[in-house]
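The values are calculated or read from the model by the stated rules, or taken from the named source; none is laboratory data. From a predicted model like this one, the values you see are computed outputs, not experimental measurements. No Cβ is skipped: glycine too gets one built from the backbone with ideal geometry, and neighbour counts run over all protein chains shown. The protein model used for the area step is the full one, side chains on, heavy atoms only, and it has no ligands, DNA or RNA in it. Shrake-Rupley method; radii C 1.70, N 1.55, O 1.52, S 1.80 Å.
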Amino acid sequence: MFRPTEDPSECVKEVKSLMWVYVLVGNMIRGIGETPIMPLGISYIEDFAKSENSPLYIGFVETGAIIGPLFGLLLASFCANVYVDTGSVDTDELTITPIDTRWVGAWWFGILICAGVNVLTAIPFFFLPKTLAKEGSKDNADIVKNDKEEKQKEVKKENNGITKDFLPFMKSLFCNPIYMLFMLISVVQFNAFINMMFFMPKYVEQQYGKSTSDAIFLIGIYNLPPICIGYIFGGLMMKKFKITVKQAAHIAFWLSFIDFILYFSCFFMICDDSSVAGITTDYKGMQQELYIGNVILDDCNLGCNCPTKTWDPVCGSNGLSYMSACLAGCETFVGTGVNMMFHNCSCIQTSGNSSAVLGLCDKGHDCSMMLQYYLILSSISSFIYSLSAIPGYMVLLRCIKPEEKSLGVGVHAFSTRVFAGIPAPIYFGALMDTTCLHWATFKCGESGACRIYDSTNFRHLYLGLPAALRGLSYIPGIFILIILRKRPLPGENTTSGAMPIEAKVTGNECQEMDQTSKVSSNDVLKTKM
């Protein structure tokens, strides 16, 4: 009887490495350096660009922030195909392939490349000027005068202390209903999208039977280019049609809602669970809906003395997968490495030679077609949602006082990271673990990574929880539309009910919109200037 892997005869405690501390500290330092770029950079553009041009420029910035991950995913796809210990082990002797759940790619190789690129991209920031002339300004004397006034203000602020402006600004932001509602929407939707993006490769692996490398590559190719196009088109739309703040809010809301409705189609693009004897089916291949995978042994392998916790899957000639060649009842094998083939398998009931090969059985052509439908729908969904992103973000920027803009964008970015970026992967990962059907076991009995999930429950959690979160986020979105309808922004002509997007909030807060109902046409002109 062939027994490729066995339970260890004795437990030897391994010395735990502290190398993860270096990775943690490195990521913290990287995060400190990267975090100010987006909030301060967007505020920088908003301050020095023409008001009608800033949506387009911000669209280009957001597009650049997507092009980077696109190349990153392509690099990750390459690294995931390279074994983690390449160079120190003979890869020809490996009995696992990238499609195996035990495969670990060369993650460290991508980090080294990205670290070098980060150092190079940091150099141009040293050459940026402290201040820029307002785009379209012609009076250089006024520019110099304004620069001097700004420097005097900065000196005065330093003398008075930061808290003198910080606390009033924070109070003003927290009393701004549109700003607070928008931040609530961002936190809720970021929880949904971070969960989707973090676990999308795992979902494609488990649902459609793809390797990690293939899953990452497909996600990058199908999802990120439409997002880039959506950002650019969103910025062009804002610039071309002089979209008002109210119109921008409606565009962002309804496009996002259309994407939300379209999202439910993903529930129908499904594949069956992998048929693994003793876990998802019995040894006759009968897949039961409520099958409890705790009957690992069967009459055909009771006398083989097989380890029941080992995961070394093989695919039988009957189309059924087994946890190991031993549990399949195989007696002989030929070949080496990934080309190994097992014969005379007593648990594989076929009319001809009962044989098996390494790895889980393929899910078939129908499942591959479902994957194509899912990826196409994902591309369309990504484009529609990214098309709404720039109009929505401009609503946020135009409802903050100019002097509060940097702080407001920073608080918004901080809130989304603290209340979504950090907790979302943790609680979502814990929920995903509840759908695990078989855990890897270390030498001393400790649980390792999950080898196979219940695809149905995994799908319900992966698609259902983000859908619920996104659904809740539209409640504060409706309140924003109501507030903008009842309270015109400063500088808005209540007769026409329209305000060009370039009209900015300069003196009053968004909550004081009702005081502008008697604004004259001269005041409107001044606001536009």
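Taking R0 as 60 Å, what FRET efficiency do you get between F267 and T95 from their Cβ-Cβ distance, rounded to the nearest 0.05?
Details: r = 37 Å, r/R0 = 0.61.
The value I calculate is 0.95.
For the pairs K202/K246; K171/K239; K202/K405; K284/K363; K171/K246; K171/K486, flag any whose C-alpha to C-alpha distance is greater than 28 Å. Beyond 28 Å between Cα atoms: K202/K246; K171/K239; K202/K405. For segment 73-80, putting each phi into the Karplus relation 6.51 cos²θ - 1.76 cosθ + 1.60 with θ = phi - 60° gives couplings of 5, 5, 5, 5, 4, 5, 5, 5 Hz, in residue order, rounded to whole numbers and with x for Gly and Pro.
Please list E331, E404, E205 in order of solvent-accessible area, largest first, computed with a 1.4 Å probe with all protein chains present. List each step's numbers first, then the result.
Numbers: E331 100, E404 5, E205 35 Å².
Sorted descending by solvent-accessible area, the residues read E331, E205, E404.
Under the simplified labelling scheme, the L74-A115 pair shows an inter-label distance of 2.4 nm, with each label point 7 Å from Cα along Cα→Cβ. Spin-label model, W107 to F233: label points 7 Å out along the Cα-to-beta-carbon direction sit 3.6 nm apart.
A cut-off of 5 Å between modelled amide H atoms, ignoring neighbours fewer than 5 places along the same chain, links Y453 with L437.
Accessible area of D90 (1.4 Å probe, protein heavy atoms only, ligands and nucleic acids ignored): about 80 Å².
Residue order by solvent-accessible surface for H460, H412 is H460, H412, largest first, with ligands and nucleic acids left out and a 1.4 Å probe.
If each residue of separation counts as 0.36 nm, what is the full-extension length gain between E34 and F414 once their alpha-carbon separation is subtracted? Intermediate results must be reported in sequence, preceding the final value.
Values: separation 380, 0.36 × 380 = 136.80 nm, distance 1.24 nm.
Result: 135.6 nm gained on full extension.
A cut-off of 5 Å between modelled amide H atoms, ignoring neighbours fewer than 5 places along the same chain, links S275 with S321.
Summarising the label geometry, the points placed 7 Å from Cα in the beta-carbon direction at E403 and D299 lie 8.7 nm from one another. Counting only protein chain heavy atoms and rolling a 1.4 Å probe, the accessible areas of K309, K171, K130 rank, largest first, as K130, K171, K309.
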